[in-house]
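What follows is a set of notes on a single structure, which appears directly below.
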Amino acid sequence: MSEKTLFERIIDREISADIIHEDEVCLAFKDIAPQAPFHILVIPKKPIPRLGEASDEDQNTLGHLLLTARSIAHDLGLADKENGFRIVINNGKDGGETVPHLHVHLIGGRSLSWPPG
Ligand code: 5GP
């Protein structure tokens, strides 16, 4: 059996994290190195390594991650047109992925520049 990823260990409470939401499909917790006043990671409990390896069967899971991020953005007061937030999914080396367990970054609380570096 392959070793657990860091995020599987957070799901299993082997590593502590500041968890703000959990349901049967996903977990959401604060990023340990926040890039903005609000920086939340939303991850599936199913260990999908990255978006590029998701399958058609993961449609409900992927939708659930985005809708959960939306709900958290609302709860944090970020979802108005006047403030806003950014969703990021890094995929692979060039995409800046460092943890091989699919995760949606929800970032907000400051004005974010574009394009990304
Ligand atoms: P990636 O670079 O793969 O898109 O994002 C991985 C994210 O996980 C980074 O933003 C990083 O700060 C965060 N991270 C790495 N290790 C931990 C940890 O042990 N706990 C938490 N809460 N976040 C982590």
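Residue selection: Asn83 satisfies the criterion of being under 21 Å from Trp114 (Cα atoms) and touching a strand residue (DSSP E or B) at 6+ places or on another chain (Cβ under 9 Å). Among the residues of the stretch 76-88, none is identified as within 16 Å of the chain's Cα centre (by Cα) and loosely packed, with under 13 Cβ neighbours inside 10 Å. In summary, Glu97 fulfils each of the numbered conditions (1) within 16 Å of the ligand (Cβ to nearest atom); (2) farther than 16 Å from Ile20 by Cβ; (3) free of Cβ contacts under 8 Å to residues at least 12 places away in the same chain with the single exception of condition (3). Residue count for the stretch 18-42 satisfying the condition of being under 19 Å from Ala73 (Cβ atoms), more than 13 Å from the chain's Cα centre (by Cα) and among the small types (Gly, Ala, Ser): 1. Of the residues Thr61, Thr98, the single one that is at pLDDT 95 or above, polar (S, T, N, Q) and exposed (fewer than 14 other Cβ atoms within 10 Å of the Cβ) is Thr98.
The values are calculated or read from the model by the stated rules, or taken from the named source; none is laboratory data. None of these values were measured; they are calculated from a predicted model. Neighbour counts are summed over all protein chains in view; Cβ atoms, including those assigned to glycine, are modelled from backbone coordinates with ideal geometry.
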